[in-house]
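Where a number appears in this text, it was derived from the coordinates with a stated rule and is not lab data. Quick caveat: nothing in here was measured; it's all calculated off a predicted structure. For neighbour counting, all protein chains shown are included, and Cβ atoms are generated from backbone atoms with ideal geometry for every residue, glycine included.
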2 protein chains.
Amino acid sequence: MGRWQPDSRGRLQEAALALFAERGFDQTTAAEIAAQAGLTERTFFRHFADKREVLFGGSEVLKDRIVAGVAGAPKSNPPLDAVARGLDAAAGMLGEFRRDLASQRHTVIAANPELRERELAKVGDYAAAVATVLRRRGVGEPQATIAAEAGMTVLRVALERWAGGHDDRGLAVVMNDAMTQLRMVATDS
Amino acid sequence: MGRWQPDSRGRLQEAALALFAERGFDQTTAAEIAAQAGLTERTFFRHFADKREVLFGGSEVLKDRIVAGVAGAPKSNPPLDAVARGLDAAAGMLGEFRRDLASQRHTVIAANPELRERELAKVGDYAAAVATVLRRRGVGEPQATIAAEAGMTVLRVALERWAGGHDDRGLAVVMNDAMTQLRMVATDS
DNA sequence: CCCATGGATGTCAGTTCCAGACATCACCCT
DNA sequence: AGGGTGATGTCTGGAACTGACATCCATGGG
């Protein structure tokens, strides 16, 4: 056994989620999280750029999955269909995750403006990446950005409904549904 | 003349924009902004909840304008058309503003992740307000949220193109254009 | 004309977030 | 055995905020 317990990063994430859920984000200091994980505050900030970031560990992986989904769509697909492939990939990945943890995380984030801000920024980052892929597929501007942003809106709305417990169907279904609603809303006029 | 110079809030906003543009957001302290405006740090934080907020002074007014625009749309308008009315109102208000200041502000925000986060949060707030108005008009969920969020996506994209100098037409035109692109992207499949 | 009140500001002290610089310790490789 | 490496701890300090309290001036009532 090493000098240190394994997976410090994971332990910090677990401790943070537990403490945030228990006392709230503002009432929890980075030092407390670190202590709970058997580490020091300084080490916390070596693993996460700021206190909020500890809740967004899998974000990069998810982005890559989405991007891969979009990139893997048939060349003939119109932009929003390609984006829908990315959403399928996202639903697949998030579906593997434990539902209760996703829900707890969602509750914590929903309760704090700073965390909601960060979440929006993350999804905005996905959108930028997706737009880049779309452009590489020959989609022009502003269509690429609009399709990407609209798609990430669908992701956020579906995730909110699913993790918020307002829709008990599978995430993939909820997301598909939201995409359909977007198409209807945009068409019907 | 009073004990204090008038319009402290406005002076703080001006000073902040100037300093941010000159040295960057991170390299400017709240105390420096306050000093430039002839005030103290404590007073800065009495006017603005945090350092970023000083760049988003007119945000509430803009939200009200958008909401009013949506609420004022003919009852018969489908949701996204009503939202388009809100966007017209926004374009009208932002058009009154000095273009160079809007551009400078946009440059500062674009250069800093924390500021981009805050901007996303603001627009997300508009979306929530618009969704509420739509529901009051009888639009169900998730259509209301989707229409509102899609509309605010159009706002962001158009604003980015306009303030970023990528499109020299009037803001209203750019926004109308973006809305049309959204409809096309969502339809064509 | 004086004084009480209230709003905007200043002063001071304290907490927390976050980062730079450097030390330490176990492990690994040769 | 010894040096290199990576993760962690320690120390220190700046900057973002916040609460408590003092101050000053405009205003209005007496």
- Message: Among the listed pairs B:Lys51/B:Lys122; A:Lys51/B:Lys51; B:Lys75/B:Lys122; A:Lys51/A:Lys122, which have their C-alpha atoms separated by more than 21 angstrom in this model?
- Response: B:Lys75/B:Lys122
- If one compares the long axis through the Cα atoms of helix B:171-187 with the longest principal axis of the Cα atoms of chain B, the angle in degrees, nearest 10, works out at 40
- Is there a simple number for the mean count of other chain Cβ atoms within 10 Å of the Cβ of residues in B:119-131, and what is it? 2
- Query: What size of dipole, in debye to the nearest 20, comes out for region A:8-49 about its Cα centre when the only charges are +1 on Lys and Arg C-beta atoms and -1 on Asp and Glu C-beta atoms?
  - Reply: 220
- Message: About the Cα centre, and with charges only on the beta carbon of Lys, Arg (+1) and Asp, Glu (-1), how big is the dipole of chain A? Nearest 20 debye, please.
- Response: 500
- Taking the Cα centre of the protein assembly as shown as the origin, how large is its charge dipole in debye, to the nearest 20, when only Lys and Arg (+1) and Asp and Glu (-1) carry charge on their Cβ atoms? 20
- Average projection area in nm² (convex hull over Cα atoms of the protein assembly as shown, one quarter of hull surface): 22.0
- Go through region B:79-94 residue by residue and turn each phi into a ³J(HN,Hα) via Karplus (6.51, -1.76, 1.60, θ = phi - 60°); whole Hz please, and just put x for glycine and proline. x, 5, 5, 4, 4, 4, 5, x, 5, 4, 4, 4, 4, x, 5, 5
- Item | region B:1-77-region A:1-73 distance, computed between alpha-carbon centres (Å) | 33
- Query: For the Cα atoms of chain B, what angle does the longest principal axis make with the long axis of helix B:8-23, in degrees from 0 to 90, nearest 10?
  - Reply: 90
- Query: Counting other Cβ atoms within 10 Å, which trypsin sites (Lys or Arg not before Pro) in region A:100-165 have at most 15 and lie in a DSSP loop?
  - Reply: A:Arg137
- Query: In terms of the Cα gyration tensor, with a ≥ b ≥ c the square roots of its eigenvalues, is region B:14-63 rounded because a/c is under 1.5, prolate because a/b exceeds b/c, or oblate?
  - Reply: oblate
- Mean ellipticity per residue at 222 nm, deg cm²/dmol - from DSSP H runs of n ≥ 4 across the protein assembly as shown, formula -39500 (n - 2.57): -23500 deg cm²/dmol
- Item | Given charges at Cβ of Lys, Arg, Asp, Glu: region B:3-106 dipole, positive-most of B:Ala73, B:Ala30, B:Ala90 | B:Ala73
